[in-house]
Amino acid sequence: MLRLAGATRWQVLRLIGAESLTVVVVGAVLGLVVAGLDLAGMRWALRLLSVPSATDLPWTALAGVVGTCAVLAVIRSVLPAATSLRRRAVELAGVRE
């Protein structure tokens with residue numbers, strides 16, 4: 001649809017890449033929120049038992065996982081889009097009976 005509206009091939013691919021990165025970032029933030037709430041609950045429960053605990057997150061490992069997910073998401077979304085954009089936009093939008 002973007003091609004029919006006048007967008008260039010590169011604009012479409014950049015948009016698809018940006019959308020996939022947005023999905024990864026939103027997923028990472030939601031995952032951190034859920035993990036943080038879970039860790040806070042566990043720490044509170046351990047405090048009730050008088051067990052001292054420290055929360056230590058492996059930030060480098062988390063960044064590596066999010067980075068790997070971002071790279072894979074962009075590749076797996078942009079490559080099929082680039083393949084489909086090789087055809088003319090009018091051919092892709094045509095309705096066949």
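The values are calculated or read from the model by the stated rules, or taken from the named source; none is laboratory data. These numbers come from a predicted model, not from an experiment. Cβ sites come from the backbone with ideal geometry, for glycine too, and all protein chains shown count toward neighbours.
Here are some residues: T55, T22. Which one is hydroxyl-bearing (S, T, Y) and assigned to a helix (DSSP H, G or I)? Please lay out each step first, then the result.
Details: T55 fails: assigned to a helix (DSSP H, G or I).
Residue meeting the stated conditions: T22.
Residues to consider are A35, A61; find the one that is of a type in the set (G, A, S) and surrounded by 10 or more Cβ atoms within 10 Å (Cβ to Cβ).
Exactly one residue qualifies, and that residue is A35.
Can you report the number of residues in the stretch 69-97 which are more than 23 Å from A18 (Cβ to Cβ) and modelled with pLDDT of 80 or more?
Here the count works out to 0.
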